[in-house]
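What follows is calculated from the coordinates using simple rules that are stated; it is not laboratory data. Keep in mind that what you see is a predicted model, and the values were worked out from it rather than measured. Cβ placement follows ideal geometry from the backbone for every residue including glycine, while neighbour counts extend to all protein chains displayed.
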Amino acid sequence: MEEPRTKRPIFTPVVLLLLTFSLIGNVFLYTRNLQNAQTDRVDQGTEILQSAQTAKAFLAEAEKQAAAMAGAADAAGRMAAKSSLLASYRNASSVTEFIREAEDVNGKPFPAAKRSAADFMDQTLASLQAIGNHEGPLTDGEKAYLASLVQIYQACQKEMSAFQQDAINQEQALIILVNKDWQPIAGKLLEQMNASADLSFKG
């Protein structure tokens, strides 16, 4: 007599199938999180490199045009240099960004200073807008202010010259986040912008 067939339980295969899908889903989510974290790090490193590069260019142009403004032979030349100098301040925020990125990577702000990088830019820009808006040569006070500003720009450029990572790519973006050498550069840059007691042009 033929024995009745026993039904094969379907519970075990279903559980194994669900566990497999769950494992695949977890691996997918984990991989995506890793990719997102990598992308975020590359973006942050790229911002550091770009802000440093732009800050260097701004400081060089600002020094050049401030010196040209101070040494212009006539009002027309002075106003042309002034126009270029004021235009260069469109990139002044890169200095502030570079310092902020250094503080973020370092995990703490630099020691409190009497003025932030943004304050420095605002004060010097306001003063430059007020200088040289007249016929004839610059006054002694205007010349003195421009000379002091040129010195500050030069000092800031000297500090920024220590930042040698000029290439902007994924590899360098990741390297800069683990490189501790560049963060003190930002701190010294802030110190230079606080070296002068007063940045307001008095006329």
- Message: Test of the criteria: in segment 48-121, which trypsin sites (Lys or Arg not before Pro) are in a DSSP loop and have at most 11 other Cβ atoms within 10 angstrom of their Cβ?
- Response: 114
- Task: Note the full-extension length gain between residue 134 and residue 24 as 0.36 nm times their separation in residues minus their Cα-Cα distance, in nm to one decimal.
- Result: 32.2 nm
- Cross-link list 82/188; 64/108; 56/143; 82/108: which exceed 32 angstrom alpha carbon to alpha carbon? 64/108; 82/108
- What GluC sites (Glu not before Pro) in segment 145-203 are in a loop by DSSP, with at most 10 other Cβ atoms within 10 Å of the Cβ? none
- Put in order of increasing Cβ neighbours within 10 Å, starting from the fewest, 153, 89 give 89, 153
- Restricting attention to segment 77-153, which GluC sites (Glu not before Pro) occupy a DSSP loop and are surrounded by at most 14 other Cβ atoms within 10 Å? 135
